[in-house]
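Below is one structure, written out as structure tokens; comments come after it.
The values are calculated or read from the model by the stated rules, or taken from the named source; none is laboratory data. Note that the coordinates shown come from a computational prediction; the quantities given were computed from them, not determined experimentally. Neighbour counts are summed over all protein chains in view; Cβ atoms, including those assigned to glycine, are modelled from backbone coordinates with ideal geometry.
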Amino acid sequence: MIHLNIGSNLVSKYGSRFNNISIAINLLIESKIQIKKISNFYETPSYPNENFPKFLNIGLIANYENDYFDLFKRIKLIEKKLGRIKTKKNEPRVIDIDLIDFKSVIKDTKELTLPHPKCHLRNFVLFPILQIDPNWIHPILKKNAQYLINNLSQKFRIEITRLQKNVNIKT
């Protein structure tokens with residue numbers, strides 16, 4: 001099982017944050033990444049600077065035939081295609097696609113760490129995972145999403161909103 005998380009907190013030439021995420025998913029599909037399940041949209045304040053625009057995020061489960069590094073390269077190309085510009089850490093961005101877990105592989109290289117090193121601390125990662133894959137277990141911590149959510153601060157547990165809006169997928 002492969003878990004990705006996609007976020008956006010800026011409009012782009014493609015439109016709204018919702019559009020940015022929907023287009024990213026369609027580009028993933030065009031890149032031969034099989035999307036199995038997609039969460040609702042979740043909205044959170046920007047972190048650590050809450051004065052920046054709010055983030056929208058979704059989680060998804062995917063299948064991919066090639067290795068994790070090939071998937072990582074495809075993700076970076078899609079971010080670039082959508083107008084992602086590398087800026088300072090935690091700055092607003094048009095699109096952010098994170099590889100959270102790739103078939104429970106544990107890797108730590110200069111380019112990529114698996115599972116994502118901060119996934120267990122992020123409400124916008126854990127709540128979508130809980131929605132679409134409640135049996136997921138963190139490959140290193142050996143804990144499920146609900147356990148990890150329960151260990152977040154109360155602030156992080158309550159400052160996330162699940163929106164009743166879904167991704168637009170081209171058929």
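Brief remarks on what is shown
- Matching option when the condition is over 23 Å from residue 114 (Cα atoms) and loosely packed, with under 14 Cβ neighbours inside 10 Å, among 30, 43, 91: 30
- For the condition at pLDDT 95 or above, closer than 16 Å to residue 165 by Cβ, surrounded by 13 or more Cβ atoms within 10 Å (Cβ to Cβ) and over 13 Å from the mean Cα position of the chain (by Cα), residue 23 qualifies.
- Restricted to segment 60-171, the set of helices (runs of 4 or more DSSP H) holding at least 1 residues that are more than 25 Å from residue 26 (Cβ to Cβ) and touching a His at 6+ places or on another chain (Cβ under 6 Å) comprises 145-150.
- Residues satisfying the stated conditions in segment 134-149, i.e. surrounded by 11 or more Cβ atoms within 10 Å (Cβ to Cβ), without any contact (Cβ under 8 Å) to a residue 60 or more places away in the chain and either under 16 Å from residue 116 (Cα atoms) or in contact with a helix residue (DSSP H, G or I) (Cβ under 9 Å, 6 or more places away or on another chain) (or both): 137, 138, 139, 140, 141, 143, 144, 145, 146, 148, 149
- Residues in segment 46-56 that are surrounded by 21 or more Cβ atoms within 10 Å (Cβ to Cβ) and more than 13 Å from the chain's Cα centre (by Cα): there are none.
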